[in-house]
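So the structure is just underneath, and the comments pick up after that.
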Amino acid sequence: MLRTVSSESVTEGHPDKVCDYIADSILDAALEKDADSRIACEVCCATGLVVVLGEFDTQTDFIDVQSVTRRAIADVGYTDPSLGFDASTCAVLNAINGQSPDISRGVLKPLEIRQGAPTDKFDGVGAGDQGMMFGYACSETDSYMPMPITLAHKLTRTLADARKSHELPFLRPDGKAMVALDYENGVPVRVRTVVVSAQHAPDATENDIKEGITECVIKRAVPKKLLDRAEILINPTGRFVVGGPAGDTGVTGRKIIVDTYGGAVPHGGGAFSGKDASKVDRSASYYARYVCKNIVAAGLSKTVQLQVGYAIGKARPVSLYVDTFGTGDDERILKAVKRVFDFRPAAIIDKLGLKNPIYKRTTDYGHFGKPDLAWEQLDCVEKLKAEY
């Protein structure tokens, strides 16, 4: 059986990713001063303008939103006023409010405690919102991530590296890539199509752009055995000079599929960037990935998807299920998961160290598959085997 799966990735200079990076930079700035900060930071940007919005509850006296925002924009690479958006000259508007007391009440005094039920220290934090989150892992790559999104991220990282090293001096910060990958009987066998769109200097020739990106980006990022018969499309419209926030309005949280599994599994709809760990949109998604990766690494299945559901203000999940797509015993795995893992928000925060200012590291090129992140560690493999 033949099927073709596509996934895309974007560079840190994509306008939506600029907003995500600013939001996570502000979150980190708050956590550096107050580890118990509760932050929901939203950002939008356009030509010459950044607007920072959201709800903050923090004991720190002052977060220099202006400085943090401008530093983040410079980190991304927008330092040239000719691009229509740069760190020095853009306007930064601050529209931050305090967190709703109704939400705060549910987070600090969860339903379990309000009802007088027996509790322990991990019942002391309720979910910051309702919703369902998904985790996923598979055995088709060393990172336990789907191959299409893995290749797409490698393309955009390589594209950014070629810009930053000046190997391709015509490149500018904005860019994206997409990979269409053929599977035969569930096994990835060839890349059908590679699409790369890269912002460039106005005087760069189409030939230089195509040749440079083919040789310095695509051939380095995609293994030759997969690339041999691929169709390669580079800047399909022929020109990509106006880009970044000057070319398209950016908004936090619009790249949730890029941030996760490239469309390989469902998504609960909640974005990550700008949210502290009391927001289970972020923390439970990280934990679900952690659980799934340990399941596959333990050899209990070749592929696994996990869904967890929460009610606002309630510490314990309202639902939990696993689906191995026929590669494992779902019921036995679920029982083992329930014995090994604790899905209460406070337990997740404690286990993964989510009160630390780690979030800028997660923003770009996917929140999963990076080996240095806590939710990518394989420290529960033996426990799962024992409980299975």
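The values are calculated or read from the model by the stated rules, or taken from the named source; none is laboratory data. Only a predicted model underlies this, so the values are computations on that prediction, with no experimental measurement involved. Cβ: placed from backbone, ideal geometry, glycine included. Neighbour counts: every protein chain shown. Protein only, heavy atoms only, side chains kept; ligands, DNA and RNA dropped before computing areas. Shrake-Rupley method; radii C 1.70, N 1.55, O 1.52, S 1.80 Å.
Which value, in debye to the nearest 20, gives the size of the charge dipole of segment 187-292 about its Cα centre, when Lys and Arg are +1 and Asp and Glu are -1 at the Cβ?
With Lys and Arg at +1 and Asp and Glu at -1, about 500 debye.
Show me, for segment 198-214, the HN-Hα J-couplings you get by feeding each phi into the Karplus relation (A = 6.51, B = -1.76, C = 1.60, θ = phi - 60°), rounded to Hz, glycine and proline as x.
10, 5, 9, 5, x, 8, 6, 7, 4, 5, 4, 5, 5, 5, x, 5, 4
Pick from 167, 12, 32: which residue has the top mean-square fluctuation in a GNM of the chain where Cα pairs under 10 Å get a spring?
Per the Cα network of the chain with a 10 Å cutoff, 167 tops the list.
Under a 10 Å cutoff between Cα atoms, tell me which one of 354, 334, 155 has the largest fluctuation in the Gaussian network model of the chain.
Looking only at 354, 334, 155, the largest GNM fluctuation is found for 334.
Pop out the ³J(HN,Hα) list for segment 176-191 in order, Karplus 6.51 cos²θ - 1.76 cosθ + 1.60 with θ = phi - 60°, rounded to Hz; leave Gly and Pro as x.
7, 9, 9, 10, 9, 10, 7, 10, 10, 6, x, 10, x, 10, 7, 7
Short version: ³J(HN,Hα) in whole Hz for each residue of segment 283-293, in order, from phi by Karplus 6.51 cos²θ - 1.76 cosθ + 1.60 (θ = phi - 60°), x for Gly and Pro, what are they?
5, 6, 5, 4, 5, 4, 4, 4, 4, 4, 4
Could you tell me which of rounded, prolate or oblate describes the chain, using a ≥ b ≥ c as the square roots of the eigenvalues of the alpha-carbon gyration tensor, with rounded for a/c under 1.5 and, failing that, prolate when a/b is larger than b/c and oblate otherwise?
Working: a/c = 2.60, a/b = 1.20, b/c = 2.17.
Since a/c reaches 1.5 but b/c is at least a/b, the shape of the chain is classed as oblate.
What whole-number distance in Å separates the alpha-carbon centres of segment 291-346 and segment 136-151?
Measuring centre to centre over Cα atoms gives 18 Å.
What are the aspartates and glutamates whose alpha-carbon lies under 17 Å from the alpha-carbon of residue 121, with same-chain residues fewer than 8 places away excluded?
Excluding near neighbours in sequence, the set is 36, 112, 342, 350.
Please go through the residue pairs 164/370; 17/360; 255/314; 255/360; 33/370 and name each one whose alpha carbons sit more than 18 Å apart in this structure. Please report the intermediate quantities before stating the final value.
Working: 164/370 21 Å; 17/360 11 Å; 255/314 28 Å; 255/360 15 Å; 33/370 26 Å.
Check vs 18 Å cut-off fails for 164/370; 255/314; 33/370.
Accessible area per residue of the chain at 1.4 Å probe, in Å²? Walk me through the intermediate numbers first.
On the way: 16310 Å² over 388 residues.
Per-residue value: 42 Å².
Give me the distance in nm between label points sitting 7 Å out from Cα along the Cα-to-Cβ direction at residue 355 and residue 192, one decimal.
If labels sit at residue 355 and residue 192, their model points lie 4.9 nm apart.
Measure off, as a whole percent, the carbon and sulfur share of the 1.4 Å-probe accessible area of segment 162-310, all protein chains present.
Its accessible area is 50 percent carbon and sulfur atoms.
Collect residues whose amide H, placed 1.01 Å from N in the peptide plane, falls under 5 Å from the amide H of residue 174; neighbours closer than 5 in sequence don't count.
For residue 174, whose amide H was placed from the backbone, the distant partners under 5 Å are 199, 244.
Name the aspartates and glutamates eligible as straight-distance cross-link partners of residue 224: C-alpha to C-alpha under 16 Å, and not fewer than 8 places from it in the same chain.
Reachable aspartates and glutamates: 182, 215.
Just check segment 310-377 against the gyration tensor rule for me: Cα atoms, a ≥ b ≥ c as the square roots of the eigenvalues, rounded for a/c under 1.5, and otherwise prolate or oblate depending on whether a/b exceeds b/c.
oblate
Any idea which of 343, 368, 358 is furthest toward the positive side of the dipole for segment 324-375, if Lys and Arg beta-carbons carry +1 and Asp and Glu beta-carbons -1?
358
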